[in-house]
Amino acid sequence: MPTKMRVFVISDLHIGGEFSDDPAQRGFRIMSRPERLAGFIEELADRAHECPIELVINGDFIDFLAECHEGKQPWVPFVEDANEATATFRRVAYRDRDSAVFDALGNFLAKGHALVVLLGNHDVELALPGVRVAFEERLAQQTSSRIRFIYDGEAYRVGDALIEHGNRYDPFNVVDHDRLRRLRSLQSRGQCSANSELQFVAPAGSRLVAKVINPIKSLYSFIDLLKPESEPLIALLLALEPSTRLQIRELFKILPSAFFHGQRVSGFPRRAGDIASIMTADPVRRYADGRLDSEDLSLHEVMVRTVGHDAARELLDSGPRPGDIGSRSDAAFGLARLMVMDDRSSVEARLRLVRKTLGVLDWRERFASGVEADRYTSAARVLARNYRYVIFGHTHDAKRVSLGNGAEYLNSGTWSDKMYFPAELSSDHEEIALAALRYFLEDLRANRLQSYIRFEPTYVRLDISDDDRVVRADVVKHEQ
């Protein structure tokens with residue numbers, strides 16, 4: 001059947017953050033190769049002879065969280081001021097090297113192709129009226145009719161495929177679109193509001209980046225490259241630099257606000273602001289709304305919520321069972337001990353606690369193309385009742401997963417750099433694992449990251465037929 005249109009889906013570009021003047025250093029970025037992305041967009045622009053081309057940027061396009069600001073707070077979870085948000089976008093869009101991406105997008109549109117931009121959780125500011133206008137101006141105003149913004153929590157339908165970033169199913173990164181809509185409404189009229197009920201509250205993950213990750217990143221550039229961002233990453237950081245305990249405590253203050261987000265079995269969000277049902281009042285909600293002092297939720301209480309009541313009860317009463325390496329409670333115990341350890345304790349003692357946390361990683365599943373975290377595949381199965389293909393980004397891992405009944409989940413991956421924990425750390429032989437951990441720790445301390453970094457740019461390609469069906473769907477690694 002003839003192809004009516006070809007759709008290319010990319011996500012998690014993370015354009016933002018200063019480059020380093022030293023070529024050997026990363027700067028404040030996780031996207032180090034904008035020229036490669038610009039080249040890919042130019043390749044698409046030159047394919048007009050095949051059929052109409054649509055490029056979908058599926059969230060986390062601009063990394064506003066990586067941009068430093070003047071004043072007392074260099075890192076902010078959300079740039080609420082309309083003028084500052086627009087200025088921040090322009091700084092990124094005209095920055096040397098990053099500007100090549102915007103030039104390529106302008107050329108892509110000038111050749112008659114279409115661009116669709118969806119929000120992620122690092123680029124929420126793209127929803128603001130002034131930023132959208134600045135974006136269109138950057139790509140050349142005469143092309144704006146071929147740019148489509150999707151910024152109200154909607155997904156994007158093309159043929160029998162559904163496309164969305166995926167952060168809606170990650171409790172840490174759910175965007176409160178109700179409050180964001182109110183903010184946009186005010187800004188479109190040149191107004192602002194001091195009413196806290198109307199103010200937009202950034203996702204817990206964004207606050208975590210601004211308060212915890214970015215201050216540490218100036219010392220250790222691996223902090224937002226190493227995946228997954230869970231207990232082992234925090235434990236590794238505490239072993240490397242015990243003084244970061246103070247910043248990490250901020251994480252545990254932020255953590256509770258993520259617990260009232262998430263999805264019901266039906267696929268609908270738990271919280272009204274996430275566009276669905278009613279949430280019951282409890283201490284976690286009061287904390288998130290600023291009506292409960294952070295001291296009312298201790299580190300241990302947060303861990304109860306993290307690992308579950310049964311596992312936490314065991315942890316708090318007596319610690320994990322001997323030999324129970326790999327359980328969620330064991331990981332939490334190792335992390336809790338690192339949090340309260342004396343700074344003078346030996347590196348060896350710290351490394352053994354880091355090893356306890358590593359058991360929560362499933363190394364085989366992490367690298368398998370046919371496996372994805374339950375929160376995303378569960379959501380995709382609900383969505384697949386109405387669509388044959390469900391396409392997310394967000395996780396930075398390109399995937400293709402069967403959902404049953406002929407439906408499939410596809411993840412578009414990322415164009416930013418990433419690191420993984422070396423597989424040797426999971427050895428069943430403790431001394432082998434500890435030796436690998438010591439070596440890894442020294443490399444991280446010295447910011448010797450190059451041998452661990454992977455750059456695997458990927459995209460999803462969809463061929464749409466004349467009868468508005470997807471006749472081909474692929475997850476593709478871009479080869480230069």
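The set of residues in segment 12-29 being of a type outside the set (D, E, K, R), open to solvent by less than 10 Å² (accessible area, probe 1.4 Å), touching a residue at least 60 places away in the same chain (Cβ under 8 Å) and assigned to a loop (DSSP other than H, G, I, E, B) consists of Leu13, His14, Gly16.
Taken together, the residues in segment 151-168 that are open to solvent by less than 10 Å² (accessible area, probe 1.4 Å) and either modelled with pLDDT under 95 or not hydrophobic (A, V, I, L, M, F, W, C) (or both) amount to 3.
So which residues in segment 447-464 are open to solvent by 50 Å² or more (accessible area, probe 1.4 Å) and either touching a residue at least 60 places away in the same chain (Cβ under 8 Å) or more than 26 Å from the chain's Cα centre (by Cα) (or both)? Talk me through it step by step, then tell me what you get.
Here is the first cut: in segment 447-464, the ones open to solvent by 50 Å² or more (accessible area, probe 1.4 Å) are 447-448, 450-451, 454, 456.
Within segment 447-464, Asn447 is the sole residue that qualifies.
Among the conditions (1) surrounded by 23 or more Cβ atoms within 10 Å (Cβ to Cβ); (2) in contact with a helix residue (DSSP H, G or I) (Cβ under 8 Å, 6 or more places away or on another chain), Thr86 misses just one, which is (1).
Could you please find all residues in segment 377-407 being open to solvent by 40 Å² or more (accessible area, probe 1.4 Å) and either of a type in the set (D, E, K, R) or part of a strand (DSSP E or B) (or both)? Scanning segment 377-407 gives Arg381, Arg385, Arg388, Arg400, Ser402.
Scanning segment 383-396 for residues that are in contact with a strand residue (DSSP E or B) (Cβ under 7 Å, 6 or more places away or on another chain) and without any contact (Cβ under 8 Å) to a residue 40 or more places away in the chain yields a single hit, Ala384.
Look at segment 161-186: where a residue is among the β-branched types (Val, Ile, Thr) and a partner is open to solvent by 30 Å² or more (accessible area, probe 1.4 Å), sitting 6+ places away or on another chain with Cβ atoms under 9 Å, you get Ile163/Ala155; Ile163/Arg157; Val174/Arg168; Val174/Arg271; Val175/Gly153; Val175/Arg168.
Do we find that Ser416 is among the small types (Gly, Ala, Ser) and open to solvent by 10 Å² or more (accessible area, probe 1.4 Å) in this structure?
On the way: among the small types (Gly, Ala, Ser): yes; open to solvent by 10 Å² or more (accessible area, probe 1.4 Å): no.
Spelling it out, it is not the case that Ser416 is among the small types (Gly, Ala, Ser) and open to solvent by 10 Å² or more (accessible area, probe 1.4 Å).
Inside segment 68-96, residues that are in contact with a Lys or Arg (Cβ under 9 Å, 6 or more places away or on another chain) and farther than 24 Å from Arg168 by Cβ make up a count of 4. When segment 30-83 is filtered for residues that are free of Cβ contacts under 8 Å to residues at least 40 places away in the same chain and either part of a helix (DSSP H, G or I) or surrounded by 20 or more Cβ atoms within 10 Å (Cβ to Cβ) (or both), only Glu43 remains.
Quick one: is Leu44 in contact with a helix residue (DSSP H, G or I) (Cβ under 9 Å, 6 or more places away or on another chain), under 30 Å from Lys4 (Cβ atoms) and among the aliphatic types (A, V, I, L, M)? Judged against the criteria, Leu44 is a match. Ala87 meets all of the listed conditions (1) among the aliphatic types (A, V, I, L, M); (2) under 25 Å from the mean Cα position of the chain (by Cα); (3) closer than 20 Å to Thr414 by Cβ but one, namely (3). Residues in segment 107-124 that are under 17 Å from Phe40 (Cα atoms) and open to solvent by 10 Å² or more (accessible area, probe 1.4 Å): Asn107, Ala110, Lys111, Gly112, Ala114. When segment 422-443 is filtered for residues that are over 18 Å from Glu241 (Cα atoms) and touching a residue at least 60 places away in the same chain (Cβ under 8 Å), the ones remaining, listed by number, are Ala423, Leu425, Ser426, Glu430, Ala433.
The values are calculated or read from the model by the stated rules, or taken from the named source; none is laboratory data. What you see is a predicted model, and the numbers here were worked out from it, not measured in a lab. Ideal geometry is used to build each Cβ from the backbone, glycine not excepted, and the neighbour counts take in all protein chains shown. The area values use the complete protein model at the heavy-atom level, side chains included, leaving out ligands, DNA and RNA. Shrake-Rupley method; radii C 1.70, N 1.55, O 1.52, S 1.80 Å.
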